[in-house]
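Chemist: Below is the structure I would like to discuss, written out as structure tokens.
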Amino acid sequence: MSIVSIVFLALGILSVALGLYGGTVQIPDAAVAAEGAAEPGALALHFAQLQNFYLILGGLILFIVLYFTLYRHASLRVQHLMSTTIRYIILIGVGVFMVYPLLWMVSATFKDNNEIFSTLSLIPSRPTMEGYVAAMNDYGGDINIWRAMLNTYKYVIPKVVFTVVSSTITAYGFGRFRFRGRGALFALLMATLFLPQVVLNIPQFLMYRGFGWVDSPYYIALIAPTLFAQETYFVYMLIQFMRNIPRELDEAAKIDGCNIMQTLVLVLVPMLWPAMVSAGLFQFMWSSNDFMGPLLYVNSPSRYPATLFVRMSMDADTGFAWNRVMAVSLISIIPSLVVFFLAQRQFMDGVTAGAVKG
């Protein structure tokens, strides 16, 4: 065993010992006590408060030392099995860590306030459906969760369609044609990526109010900008993806008699489809979760989307029930989860394919 392994082994044993017995050993903190800042034994109190941390840290260090010791003396087949096993253990652990908040949110909808704030367990000790019953209540008199969900997708679906179409046409122009001023216009387009949306809120609001778009029953202030490829990120992503498509396909389509738009629709769009699905999914999730846009441009409670309705449910009374808030939030994100999982394959293809230029 190497010196490094011995040092880490000793460190792991020490950490485990502190985790098991650190809080029971009375260690006088003479230096701190001399200054009058704390009583003797403050160090022992520190160890007692962090017993679980030291126990986990020590166990992790001992496991790593044991793993590498066995790995060096194992055959190639056993080494491959060990590395594969530890890789899956780490991935499963990270996956559980990432998914746990969502699972806790689901379980919290079946708990009361006392249990929500007293335990992190995923299994309710006293299951209740009061959160879902309260989530169906009307807030503001003419709005409920189902009306809010309908209002949300009244503007989300057009935004997704118009964003994908306008971004594809714009990317086609920059990715396949050479024209005067192309470099300057593309640089200007990319510069808008660095412009924060908060800078645009006030001038956009004043302009849309002058147009009469604020509180429009058709959500024009939220939908109209997507007709002009305002999402620069999607345009750039589609341009990068389009660079992987050989130009010979365009020439072959031209020989077959296709005009510019026919080449785009019949030849390029089928090959751009994964990237277009990715752009649509991003826009769908961003628009569904958008709070500032509806807050600025939707004033009538009967037209509130789900994001504003969740906020209203929290302001409904002074002592609101968290299971109701969790239930409303869960219902509002279910469509986004369903859409994402249905289009997961195309989403991953679109994200990864444009990253490598062939």
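The values are calculated or read from the model by the stated rules, or taken from the named source; none is laboratory data. Computed from a prediction, not measured in an experiment: that's the story for all the values here. Neighbour counts are summed over all protein chains in view; Cβ atoms, including those assigned to glycine, are modelled from backbone coordinates with ideal geometry. Heads up: the accessible areas ignore ligands, DNA and RNA and are worked out on the full protein's heavy atoms, side chains in. Shrake-Rupley method; radii C 1.70, N 1.55, O 1.52, S 1.80 Å.
Chemist: In whole percent, how big is the carbon plus sulfur part of the accessible area of the chain, probe 1.4 Å, protein atoms only?
Modeler: 71 percent
Chemist: Between Asn299 and Tyr67, what is the label-point separation in nm under the 7 Å Cα-to-beta-carbon projection?
Modeler: 6.0 nm
Chemist: With every protein chain present, what is the per residue accessible area of the chain (1.4 Å probe, Å²)?
Modeler: Value returned for the chain: 60 Å² of accessible area per residue.
Chemist: Quick check: residue separation of Phe53 and Phe341 times 0.36 nm, minus the Cα distance between them. What number comes out in nm?
Modeler: Computed gain between Phe53 and Phe341 is 100.0 nm.
Chemist: Now for a different question. How many Å³ per residue does the convex hull of the Cα positions in the range 53-125 occupy?
Modeler: 107 Å³
Chemist: What is the set of long-range amide H partners of Val298 at a cut-off below 5 Å, with H atoms built 1.01 Å from backbone N?
Modeler: Hits under the 5 Å cutoff: Asp215.
Chemist: List the relative contact order of the chain as a percent without decimals, with contacts defined as Cα pairs under 8 Å and 6+ residues apart.
Modeler: Across the chain, relative contact order equals 21 percent.
Chemist: Excluding the sites themselves, what is the longest stretch of the chain that contains no chymotrypsin sites (Phe, Trp or Tyr not before Pro) in a DSSP loop with at most 11 other C-beta atoms within 10 Å?
Modeler: 180-358
Chemist: Here's something else I'd like to know. Gaussian network model of the chain, Cα springs within a sub-10 Å range: biggest mean-square fluctuation belongs to which of Leu264, Leu330, Leu308?
Modeler: Result: Leu264 has the largest fluctuation of those listed.
Chemist: Describe numerically, in nm with one decimal, the distance between label points set 7 Å from Cα along Cα→Cβ at Leu249 and at Ile334.
Modeler: Once both label points are built, they end up 3.9 nm from each other.
Chemist: Taking Rh as the Kirkwood radius computed over C-alpha pairs, what is the Stokes-Einstein D of the range 189-300 at 37 °C in a medium of viscosity 0.692 mPa s, expressed in µm² per second?
Modeler: Calculated translational D: 198 µm²/s.
Chemist: Could you tell me the largest-minus-smallest coordinate of the C-alpha atoms of the range 90-164 on each of the three principal axes, in descending order and whole angstroms?
Modeler: Taking max minus min along each principal axis of the Cα atoms, the range 90-164 gives 42, 40, 14 Å.
Chemist: Would you look at the GNM of the chain, springs on alpha carbons closer than 10 Å, and say which of Glu248, Glu231, Glu130 moves the most?
Modeler: Highest fluctuation among the options: Glu248.
Chemist: Calculated from the structure, Kirkwood radius over Cα pairs in Å equals which of [x] 25.5; [y] 23.4; [z] 26.2?
Modeler: [z]
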